[in-house]
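Below is one structure, written out as structure tokens; the observations come after it.
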């Protein structure tokens, strides 16, 4: 089966029932996507499939046939951080960093929306990404700073 | 999971055929329940294959069909939330979809999955009961009243595939979920009420999503206090990891009162 | 020379780019060629004896490596305080809790591992488990603190009993370690951990290794909060035993379910207060009893009890205090370190007592706090005279000033309320802890013009690496990019002590600062790099602690916080939603304001969760909430708006006056929330979590 990962074409030949999370981390060396629970509760494994944020521990790899998959490794342009990544650094939105990849992807999708974003919108959009370190305060500030 | 075969039919006919002819086969849509159980090894019997119906065009979409709104079994909750028709005709279902999980789960969760799993806590299920929805499968239609037979047991035959849900257009239904937290929450109780015909449907208070018959009879006579009193006897909640029977009973009554008061205020 | 010091600047996090690009490598991200997977097989009974282990011959055991207690080359003990906890339960030995580790497996692929585990059978001789605190299984520790004479005091007595529940640290990265056999009988551990030298000591004892043969390396760690203070020693020893027997690397990574079911939690307990006051509100006596549940093995329980006892009287000055604290054993999984480490538990009770006393006296609890609070020159319950940096009134005033006016609820079924708490928290190890530890760092000036910090203090998100570099760069007068850190690898760095107890910035940071200053002076005198020095902690003569009688200077200094919590209570469902938290913190000096705020915001939300939705129900000695679907921490939608006010009130021995504040944020929110609940509904709950079930029942019976 074939899909694109961060713009690159990937051919995958093993079991289609394997979790996309495991394929990314173990077969494709893309360890930026993390496993926090394996139950679809924490969002640490979030990736984008055709622009939508999903938990990759809940996706069988066969299901991304022909799809565009984006992980945290695809956010920067070469060595240049995206505005959102830079905001996370500037605002102190990453502490231990384990939730950060998933959080960035969920926030990235939020920022694609053309309409205004309130703090409550950001909370709702990030509700599927658990963070234990930050209390979410600076994550919300960082995301909102990208939409002004 | 390596030992599980992944099957991906191109059409609904292929899907139906494969489901009928492949032993130990489980349909896979958004995976929000199945993939967790597959990884944890808790499915009994252990499946030998998963049948991926997620991308079948025939199972997607929200569209008017006669005097009903037809929602594809593999349409995502996000798709339902964004549908202008769904917002117009079945706002309680949209409200329920909004309370499920969070963005990631809404982008993959489906009505087909919610129905097939038949969890007593399924958030859309009391709404479908209150709407008198109809489950459409590859071979027949099943009224929602007849769908839930027991704990996680449905009227579906072993190889029967849900293809759509049809919801009548003319109902006025309200919804409230009491979860364990503000998002990513399993319900402690979840309720949908239709004013006319009188329907009071409650989840997480029995082994199935259920209709509260006593409450409905009182409601049909316009007796709000009577409905609130009767619902306590209709339901059979338990103590579990999430909550207690006493709490569920009290909150079921409180929520019913609140929803019925909202009706009378309109 | 650099003109602007980075101190007090919120400079970018040292490892920030790696974290936002996904390049940071946590333990399970590491690719170790040839590594097998490991798994722990655990007890299914809570108490009894392990009669036999049988391996079903239907399984081909040549495909896996099996480790039992018989394979332990050193001592079958997880080294910590008491030496009561085995690495693996042995046949013929005791089982003291469900999930107690019995047997280890390693295999080349996970499927084989799971299949092997299904073919292991244990035979037990169960005995009657003890789950309640009065069950008198065993007492791990007792502490008594006495000041004045409570029995001689007459006045108005307020008595109340409080209960606090279990809490899981819920670091988003589960526990895990990789063990790699190396030449010369050495074993390298790479793991998710807070205290490399704790693991080092434990590894040496269990595997009979020399200092050089045990190598412990901290990988990027996805959260700790105390949960990775002592437990990683167990994981590391298990991984090492498997690697040793397999003759190859082994990855032992827990999944979330195992982590929730088997690892340490915050000590739950019961705290009773009898407070005597005069009618004018003068505080006359505090008589306090604490019982904490340590679970099946001792782990760090005596130290948790110690901190709980020392903080039990609250941030208040009282002439007569008696604190009797004990920690007991039950047949539940052992409890351990979690941010706050006993103080949140006892401060919860102390703060609510102020509310109850104020209610009895007909006074505002804010006024009562002003009357009672510790001030400069006062003595604590252990007789410690507070000679500097007492921020009690500063933080109270700052929080009150910052809190917005309460807007009335605009929904008839939602009641709104506000509550306040005032807390303090000792920074650094208790009593003689720092003196005994003699934490040591290394500091080097390299020939290429850069400088290197050698420390075992770990970065776990709280900013260790960034702050140490700031302190060094400032002392040297160089730009930040000239300062680097050696890896947290026991073969490379000395033991600066564990990353716990709110000590890292204050105690170890001060060593970094002093070392950098010394090297700078030597360079200024014309000395050429390379220069390498070490700096060790020296206990100031002015601090004295009597461990036997629990009297004296319990901590070098205290940090202070006032929290104001606003809640909305849904009267239909009993749900308590914390909408706003305002916290003023006396941190001494904010070396990095954004990181200081980050600690306060994160710790506060953990306390909000502990007070409201983080509930663990026990059934037959096992946690029922053993998946993330059932153990609930706040999502972004649950979290209040949190506003932090940093108050700088310098401490003479902290770097630039900084005090440790990593744990302090855990102490204030829970009692403030329960006071707010009372303000909203008139209902007093005496226990947390204040679940909707409890709130609704309490409101109904009112």
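The values are calculated or read from the model by the stated rules, or taken from the named source; none is laboratory data. Remember, it's a predicted structure, so these values are computed and weren't measured experimentally. Positions of Cβ are generated from backbone atoms using ideal geometry, with glycine treated the same way; all protein chains shown enter the neighbour counts.
Looking for whichever is within 20 Å of residue C:431 (Cβ to Cβ), in contact with a strand residue (DSSP E or B) (Cβ under 9 Å, 6 or more places away or on another chain) and assigned to a loop (DSSP other than H, G, I, E, B) here; the options are C:332, C:382, C:387. Which one fits?
Within the list C:332, C:382, C:387, the selection yields C:382.
Going by the conditions given, is residue B:134 in contact (Cβ under 8 Å) with a residue 24 or more places away in the chain and either closer than 21 Å to residue B:79 by Cα or in the same structural domain as residue B:65 (by TED's automatic domain parsing) (or both)?
yes
Out of everything in region A:64-83 that is assigned to a loop (DSSP other than H, G, I, E, B) and out of contact with any strand residue (DSSP E or B) (no Cβ under 8 Å at 6 or more places or on another chain), what residue ends up being surrounded by the fewest Cβ atoms within 10 Å (Cβ to Cβ)?
A:78
Take region C:222-254 and flag every residue that is over 26 Å from residue C:302 (Cβ atoms) and either within 21 Å of the chain's Cα centre (by Cα) or free of Cβ contacts under 8 Å to residues at least 24 places away in the same chain (or both).
C:222, C:254
Looking at region B:19-39, which of the residues that are more than 9 Å from chain A (Cβ to nearest Cβ) and in a helix (DSSP H, G or I) is surrounded by the most Cβ atoms within 10 Å (Cβ to Cβ)?
That would be B:19.
Kindly provide the set of residues from region C:18-38 that are within 11 Å of chain A (Cβ to nearest Cβ), more than 17 Å from residue C:488 (Cβ to Cβ) and touching a residue at least 12 places away in the same chain (Cβ under 8 Å), ordered by number.
C:28
What number of residues within region B:55-70 satisfy the criterion of being surrounded by fewer than 19 Cβ atoms within 10 Å (Cβ to Cβ) and touching a residue at least 60 places away in the same chain (Cβ under 8 Å)?
4
Mind checking which helices (runs of 4 or more DSSP H) fall wholly inside region B:52-168 and carry at least 1 residues that are more than 16 Å from residue B:31 (Cβ to Cβ)?
Ranges flagged: B:77-82, B:84-89, B:91-98, B:125-131.
Which of the residues that make up region C:620-633 are closer than 17 Å to residue C:610 by Cβ and within 7 Å of another protein chain (Cβ to nearest Cβ)?
C:625, C:628, C:630, C:632, C:633
Out of C:41, C:78, C:11, C:91, which single residue is away from chain A (no Cβ under 14 Å), assigned to a loop (DSSP other than H, G, I, E, B), under 32 Å from the mean Cα position of the chain (by Cα) and surrounded by 15 or more Cβ atoms within 10 Å (Cβ to Cβ)?
So the residue among C:41, C:78, C:11, C:91 that is away from chain A (no Cβ under 14 Å), assigned to a loop (DSSP other than H, G, I, E, B), under 32 Å from the mean Cα position of the chain (by Cα) and surrounded by 15 or more Cβ atoms within 10 Å (Cβ to Cβ) is C:78.
I want to confirm something. Restricting to region B:156-171 and keeping residues that are touching a helix residue (DSSP H, G or I) at 6+ places or on another chain (Cβ under 8 Å) and closer than 17 Å to residue B:85 by Cα, which single residue is surrounded by the most Cβ atoms within 10 Å (Cβ to Cβ)?
Result: B:165.
Considering every residue within region C:462-482, establish whether at least one is assigned to a strand (DSSP E or B) and either touching a strand residue (DSSP E or B) at 6+ places or on another chain (Cβ under 9 Å) or free of Cβ contacts under 8 Å to residues at least 60 places away in the same chain (or both).
Of all residues in region C:462-482, those assigned to a strand (DSSP E or B) come to none.
No, region C:462-482 contains no residue that is assigned to a strand (DSSP E or B) and either touching a strand residue (DSSP E or B) at 6+ places or on another chain (Cβ under 9 Å) or free of Cβ contacts under 8 Å to residues at least 60 places away in the same chain (or both).
Name the residues in region A:84-100 that are over 23 Å from residue A:29 (Cα atoms) and not in a helix (DSSP H, G or I), would you?
If the condition is that a residue be over 23 Å from residue A:29 (Cα atoms) and not in a helix (DSSP H, G or I), then A:92, A:93, A:95 are the ones that fit.
Considering only region B:181-266, give the helices (runs of 4 or more DSSP H) lying wholly within it that have at least 3 residues that are within 14 Å of chain A (Cβ to nearest Cβ), under 26 Å from residue A:39 (Cα atoms) and out of contact with any strand residue (DSSP E or B) (no Cβ under 7 Å at 6 or more places or on another chain).
Result: empty, no element qualifies.
Counting just the residues of region A:36-63 that are part of a loop (DSSP other than H, G, I, E, B) and more than 7 Å from chain C (Cβ to nearest Cβ), which one comes out nearest to residue C:260 (Cα to Cα)?
From region A:36-63, those part of a loop (DSSP other than H, G, I, E, B) are A:36-45, A:50-51, A:59; that's our starting set.
If we keep only those that are more than 7 Å from chain C (Cβ to nearest Cβ) too, we end up with A:40, A:43, A:45, A:50-51, A:59.
Working: A:40: 16, A:43: 17, A:45: 19, A:50: 34, A:51: 33, A:59: 24 Å.
If we take residues in region A:36-63 being part of a loop (DSSP other than H, G, I, E, B) and more than 7 Å from chain C (Cβ to nearest Cβ), then A:40 is nearest to residue C:260 (Cα to Cα).
Does region A:19-35 hold any residues that are part of a loop (DSSP other than H, G, I, E, B) and either in contact with a strand residue (DSSP E or B) (Cβ under 8 Å, 6 or more places away or on another chain) or on the phi < 0 side of the Ramachandran plot (or both), and which are they?
The answer is A:28, A:30, A:31, A:32, A:33, A:34, A:35.
Restricting to region C:519-533, count the residues that are surrounded by 10 or more Cβ atoms within 10 Å (Cβ to Cβ) and assigned to a loop (DSSP other than H, G, I, E, B).
The total comes to 3.
With the requirement that a residue be at pLDDT 95 or above, over 17 Å from residue C:595 (Cα atoms) and more than 7 Å from every other protein chain (Cβ to nearest Cβ), what does region A:79-102 give you?
A:80, A:82, A:83, A:84, A:102
Would you point out which residue out of C:567, C:608, C:585 is part of a helix (DSSP H, G or I) and either in contact (Cβ under 8 Å) with a residue 60 or more places away in the chain or within 12 Å of chain A (Cβ to nearest Cβ) (or both)?
Checking each option against the conditions leaves just C:608.
Of all residues in region C:434-459, which are outside any strand (DSSP E or B) and touching a strand residue (DSSP E or B) at 6+ places or on another chain (Cβ under 9 Å)? If you could, list the steps in order and put the result at the bottom.
Filtering region C:434-459 for residues outside any strand (DSSP E or B) gives C:434-439, C:446-450, C:455-459.
Passing the criteria: C:435, C:438, C:439, C:446, C:450, C:455, C:456, C:457, C:458, C:459.
Just for strands (runs of 3 or more DSSP E) wholly inside region C:96-196: which have at least 2 residues that are surrounded by fewer than 17 Cβ atoms within 10 Å (Cβ to Cβ) and touching a strand residue (DSSP E or B) at 6+ places or on another chain (Cβ under 9 Å)?
Of the strands (runs of 3 or more DSSP E) lying wholly inside region C:96-196, those with at least 2 residues that are surrounded by fewer than 17 Cβ atoms within 10 Å (Cβ to Cβ) and touching a strand residue (DSSP E or B) at 6+ places or on another chain (Cβ under 9 Å) span C:120-126, C:139-147, C:156-164.
What is the residue count in region A:127-148 for residues that are within 11 Å of another protein chain (Cβ to nearest Cβ) and touching a residue at least 24 places away in the same chain (Cβ under 8 Å)?
Residues that pass the stated criteria total 12.
Quick one: how many residues across region C:684-694 are crowded, with 22+ Cβ neighbours inside 10 Å and more than 10 Å from chain B (Cβ to nearest Cβ)?
Total satisfying the criteria: 4.
Is it the case that region A:101-113 has a residue that's without any contact (Cβ under 8 Å) to a residue 12 or more places away in the chain, in contact with a helix residue (DSSP H, G or I) (Cβ under 7 Å, 6 or more places away or on another chain) and either assigned to a loop (DSSP other than H, G, I, E, B) or over 21 Å from residue A:76 (Cβ atoms) (or both)?
Looking through region A:101-113, none of the residues is without any contact (Cβ under 8 Å) to a residue 12 or more places away in the chain, in contact with a helix residue (DSSP H, G or I) (Cβ under 7 Å, 6 or more places away or on another chain) and either assigned to a loop (DSSP other than H, G, I, E, B) or over 21 Å from residue A:76 (Cβ atoms) (or both).
So is residue A:117 more than 8 Å from every other protein chain (Cβ to nearest Cβ), in contact with a helix residue (DSSP H, G or I) (Cβ under 8 Å, 6 or more places away or on another chain) and without any contact (Cβ under 8 Å) to a residue 40 or more places away in the chain or not?
Criteria met by residue A:117.
Give the residue that is surrounded by the fewest Cβ atoms within 10 Å (Cβ to Cβ), with candidates limited to residues of region C:573-582 that are within 14 Å of chain B (Cβ to nearest Cβ) and in contact with a strand residue (DSSP E or B) (Cβ under 8 Å, 6 or more places away or on another chain).
Residue satisfying both the conditions and the ranking: C:579.
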